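The values are calculated or read from the model by the stated rules, or taken from the named source; none is laboratory data. Every value quoted in this text rests on a predicted model; they were computed, and no experiment measured them. Positions of Cβ are backbone-derived with ideal geometry, glycine not excepted, and every protein chain shown enters the neighbour counts. Side chains included, ligands, DNA and RNA excluded: accessible areas come from the protein's heavy atoms. Shrake-Rupley method; radii C 1.70, N 1.55, O 1.52, S 1.80 Å.
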Amino acid sequence: MAKESAEEKLLKMMQKTAPSVAAKSSAPVPPKKKFKFTFSVGFLNILLFLGIIGCIIALSLELRNGFALLNQSVEFPREAKTAVSLSDIALPSTPRVEYYLRDINGRNIFKPYVPKVAKKAAIPVLQQLMSKYKLVGIAWLDVPETATVMIENTQKNTTFFLKAGEQLEGVTVKTIYTDRAVFSHENEETTIKL
């Protein structure tokens, strides 16, 4: 017996697995129908026409409901009044014409402008007290709470070392900065720089 070649083996295998053509032709398989949706201009016109009809119906129903509401009478309760009367509302008031005319008539545009000299104000008490003192230096250690100001009395040539909160002739050292100190006396405050 002759040996089979690889091609022959392959041919036999294909014949075993493949059904015969005669078997296929004997039992016809019905073809599958695919659903195909067609969209034509005529169908689109019908849809648009139905949409317009629906909109007209909805509009007519809304109009009928609106006219029914117009025919109803409305009654307001008699005891309900506004909470705030117009006299209680604070309206902004404008100055009278004389207010504006005073400024206009007070200045002659054909004469040169001479500014008014303000009267010298009285020197505050704190400045009078501090006039004889000069800030000589500021010293502190590692923390700001240890800051000390050195103030020299220029008339007596004496130096005072004060911390924040201490007083000199009624003047309190309020705050000490690296280059200045703030002093206060009653309602007044002043800053003296190095």
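So the values come out like this:
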{"read-out": "Scan of segment 144-176 for residues that are at negative phi and in a loop (DSSP other than H, G, I, E, B), ordered by number", "value": "A147, T154, Q155, K156, A164, E166"}
{"read-out": "Of the criteria (1) farther than 23 Å from I192 by Cα; (2) part of a helix (DSSP H, G or I); (3) modelled with pLDDT of 80 or more, which one D103 fails", "value": "(3)"}
{"read-out": "Filter result for the condition that a residue is modelled with pLDDT of 70 or more and open to solvent by 100 Å² or more (accessible area, probe 1.4 Å), over V29, V41, V21", "value": "V41"}
{"read-out": "Those residues of segment 159-194 which are free of Cβ contacts under 8 Å to residues at least 60 places away in the same chain and open to solvent by 80 Å² or more (accessible area, probe 1.4 Å), in sequence order", "value": "F161, K163, Q167, E169, K174, Y177, T178, N187, K193, L194"}
